[in-house]
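Here the structure comes first, spelled out in structure tokens, and everything after it is commentary.
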Amino acid sequence: MNKILRFTALAAVLTLIFAACERQPTPGGDEGNNDPKERVIVYSVGQTENRQTLKTEGEWDALLDVLCTQAQNGQTVTFYNMSQTTYLQTKGLRGSKAPITFSTTDRDAMKAWMREREKEGLTVVVSYDNGTWSGMAYASAPSENTSVSIIGTWHFVCSVVSHVNQNGQLTGSDLYVPEDGGGSMYFTFSDDGTVTLVFNGMDGTTATDNSTWTLSADGELCSELLPSGGCWNVNWITDNTMILSRAALGTEEGDCLYQLQFERE
């Protein structure tokens, strides 16, 4: 009975998260307008993590100035745009996994480079030394910086699925939050390469499953227990937050961009 409960519960949850990429335009949505509207930027300055919702280009420009100044003051600055629908962030997902690097003595050139990498859906790291800003941008965090950080228990907060049609137009997005249905999901990654998923149902039942996890050479987190299995880009990982993403590109319906958000327990 426990085995049946376990797989029935998990299959139902994962099916909800990753339905087929067959979407109608969101009612009332402006599907022909791909201009940026709102950003949710998660960023760290040194060891301090922050999150800001920005509604205008002016607010974004102001935050870029703050981040450049913090780097100039000797801090390492990292940021990522959590709002997949702000831009059609497929270029970074289609491209090489190798990090992109840049250096300049011109503050405006640094800001322009940061803007372009954000448009590509990449995570950006900026530092400053002896008059020169240095930047690195990546689709998935370098594995040497990630493997130890993954170990521990993570609360699965939500998934976001963004839909882009064959004309490159954003047609809508879906948000799935386990707690909205009265349940909760926790993933525990152990240093021996095993992972345990615990699903707490709305009726007080608990289902578990166990498998393995690996981190590929180019920084992708892989486990069959992650929604729909397979490998995911690690866009962001700190002591507090982990954000994973991947894309289904070139389907008959267009592109689907998937994002998973976790908080450390």
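The values are calculated or read from the model by the stated rules, or taken from the named source; none is laboratory data. Given the structure is predicted, the values throughout are model-derived calculations rather than measurements. All Cβ positions, glycine included, derive from the backbone under ideal geometry; neighbour counts span all protein chains shown. These accessible areas exclude ligands, DNA and RNA; they are computed on the full protein's heavy atoms, side chains included. Shrake-Rupley method; radii C 1.70, N 1.55, O 1.52, S 1.80 Å.
Being free of Cβ contacts under 8 Å to residues at least 12 places away in the same chain and touching a strand residue (DSSP E or B) at 6+ places or on another chain (Cβ under 7 Å) is a condition met by no residue of segment 232-244.
Answer with yes or no whether Val164 is among the β-branched types (Val, Ile, Thr), at pLDDT below 90 and surrounded by 20 or more Cβ atoms within 10 Å (Cβ to Cβ). Spell out how you get there, then give the answer.
Details: among the β-branched types (Val, Ile, Thr): yes; at pLDDT below 90: yes; surrounded by 20 or more Cβ atoms within 10 Å (Cβ to Cβ): yes.
When the stated conditions are applied, Val164 passes them.
Of the residues making up segment 159-190, those that are part of a loop (DSSP other than H, G, I, E, B) and of a type outside the set (A, V, I, L, M) are Asn165, Gln166, Asn167, Gly168, Gln169, Gly182, Gly183, Ser190.
If you go through segment 204-221 and pick out every residue that is open to solvent by less than 20 Å² (accessible area, probe 1.4 Å) and under 20 Å from Asn145 (Cα atoms), you end up with 2.
Just the residues that are touching a residue at least 60 places away in the same chain (Cβ under 8 Å) and β-branched (Val, Ile, Thr), please, taken from segment 193-208.
Keep residues of segment 193-208 that are touching a residue at least 60 places away in the same chain (Cβ under 8 Å), which gives 197, 199, 201, 205, 207-208.
Answer for segment 193-208, where residues must be touching a residue at least 60 places away in the same chain (Cβ under 8 Å) and β-branched (Val, Ile, Thr): Thr205, Thr208.
Do you know which residues across segment 237-265 are of a type in the set (A, V, I, L, M, F, W, C) and open to solvent by less than 10 Å² (accessible area, probe 1.4 Å)? Met242, Ile243, Leu244, Cys256, Leu257, Leu260, Phe262, listed by residue number. In summary, Ala207 fulfils each of the numbered conditions (1) over 26 Å from Val42 (Cβ atoms); (2) of a type in the set (A, V, I, L, M); (3) in a loop (DSSP other than H, G, I, E, B) with the single exception of condition (3).
Taking the condition modelled with pLDDT of 95 or more and touching a Phe, Trp or Tyr at 6+ places or on another chain (Cβ under 7 Å), does Thr78 pass? Here the answer is yes, as Thr78 does meet what is asked. Candidates are the residues of segment 93-113 that are at pLDDT below 95 and over 19 Å from Tyr43 (Cα atoms); the one that is most open to solvent (accessible area, probe 1.4 Å) is Arg94.
Pairing each residue of segment 131-146 that is at positive phi with any residue that is surrounded by fewer than 18 Cβ atoms within 10 Å (Cβ to Cβ), provided the two are 6+ apart or on different chains, yields C-beta distances under 8 Å for Gly131/Thr105. Within segment 103-127, the set of residues being assigned to a helix (DSSP H, G or I) and not charged (D, E, K, R) comprises Ala109, Met110, Ala112, Trp113, Met114.
Does Ser147 count as of a type in the set (Ser, Thr, Tyr), open to solvent by 40 Å² or more (accessible area, probe 1.4 Å) and under 24 Å from Leu122 (Cβ atoms)? Spelling it out, Ser147 is indeed of a type in the set (Ser, Thr, Tyr), open to solvent by 40 Å² or more (accessible area, probe 1.4 Å) and under 24 Å from Leu122 (Cβ atoms). The residues in segment 130-144 that are open to solvent by 20 Å² or more (accessible area, probe 1.4 Å) and not in a strand (DSSP E or B) can be counted, and the count is 5.
Considering segment 175-203 alone, what residues qualify as being of a type in the set (A, V, I, L, M, F, W, C) and surrounded by fewer than 19 Cβ atoms within 10 Å (Cβ to Cβ)?
Here is the first cut: in segment 175-203, the ones of a type in the set (A, V, I, L, M, F, W, C) are 175, 177, 185, 187, 189, 195, 197-199, 202.
Passing the criteria: Leu175, Val177, Val198, Met202.
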